[in-house]
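Report on the structure given below.
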Amino acid sequence: MWYYAIKVLISSILIVIISEVSKRSGLLGGLFASIPLLSFLAILWIYFETHDTEKISALSIDIFWLVLPSLSFFLAFPYLLRKQIAFGWSMLIATVLMLILYAGMLALLKR
């Protein structure tokens, strides 16, 4: 039980740090947010729990391919905001676009 609490605590602390840094510097916050911290943590947790490098290798490749559709959000969202579309709508539209592209990528990866 303590192990899971530590995992949640470390992950939460990193998210808070990134959000606080982003308030002070968009570029630095963007840099920290772009580092695949959640992927690093997932890889570390799996390694410490299983030492299964094949599983980690497969996860790394899957992450690579699934990052691509997520990038659409970071193109669409600022574009929509600059077009004066309300924040909530911009977030929703960019998220829906991203989810559609995720579905497409998942369909391609299953082939």
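Residues that are at pLDDT 95 or above and within 14 Å of the chain's Cα centre (by Cα) occur in the stretch 87-96; there is at least one. Among the residues of the stretch 12-69, those that are of a type in the set (Ser, Thr, Tyr) and within 24 Å of Leu97 (Cβ to Cβ) comprise Ser19, Ser22, Ser34, Ser39.
Considering the stretch 49-92, the residues that are out of contact with any helix residue (DSSP H, G or I) (no Cβ under 9 Å at 6 or more places or on another chain) and under 26 Å from Val16 (Cβ atoms) include one that is surrounded by the fewest Cβ atoms within 10 Å (Cβ to Cβ), namely Gly88. Looking at (1) in contact with a Leu (Cβ under 8 Å, 6 or more places away or on another chain); (2) loosely packed, with under 11 Cβ neighbours inside 10 Å, which one does Leu108 not meet, given that it meets all the others? (1) is the only condition that Leu108 fails.
Residues in the stretch 1-56 that are in a loop (DSSP other than H, G, I, E, B) and among the hydroxyl-bearing types (Ser, Thr, Tyr): Ser25 alone.
Which one is modelled with the highest pLDDT, of the residues in the stretch 7-44 that are β-branched (Val, Ile, Thr) and buried (at least 16 other Cβ atoms within 10 Å of the Cβ)? Step through it out loud before you land on a result.
Kept after step one, since they are β-branched (Val, Ile, Thr), are these residues of the stretch 7-44: 8, 10, 13, 15-18, 21, 35, 43.
Filter once more, keeping what is buried (at least 16 other Cβ atoms within 10 Å of the Cβ): 18, 21, 43.
Working: Ile18: 82, Val21: 84, Ile43: 93.
My answer is Ile43.
The values are calculated or read from the model by the stated rules, or taken from the named source; none is laboratory data. Everything quoted here is computed from the prediction, not taken from an experiment. When we count neighbours, we look across all protein chains shown, and the Cβ atoms used for this are built from the backbone with ideal geometry, even at glycine.
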